[in-house]
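These notes are about the structure you will find just below.
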Amino acid sequence: MAKTDITKLGTDVAWQDVTRGNTVVGCGTTKQFVTGDWTNVAPVIDEEKCKQCLLCVPCCPDSAIPVKDYKRCAIDYDHCKGCGICVKACPFGAIKMEVKKNA
């Protein structure tokens, strides 16, 4: 098994075959998992207050705030875990945490 082949990782593995700690098995793998349902709150952007300064983008630990043509796009709620760091980073108060409607 190649060290970067995450498709071979599973729960029915002998202890001898478990991935060693402090080992990066693959990169960019979070896109394969929908982790946005880990929380019941999510950031909501007030488009009127948003100045497109993009200060929220680099502070998002899940890269859930995409940018295209130098403009912030809609938040990727499939991967946003609701940490609220973007709320603190916004100097314009354009981002608020709200309880998810389907929570």
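FYI, it's all coordinate maths here, none of it is from the lab. Worth saying up front: this structure is predicted, and the values here are computed from it rather than measured. Neighbour counts run over all protein chains shown; Cβ positions are idealised from the backbone, glycine included.
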What FRET efficiency comes out for the pair C59/D12, r = Cβ-Cβ distance, R0 = 35 Å, nearest 0.05? 0.40
Over 23 Å (Cα to Cα) among K31/K51; K81/K101; K51/K96 -> K31/K51
Along Cα→Cβ, 7 Å out, is where each label goes; now give me the distance between the ones at Q32 and K88 in nm to one decimal. 3.1
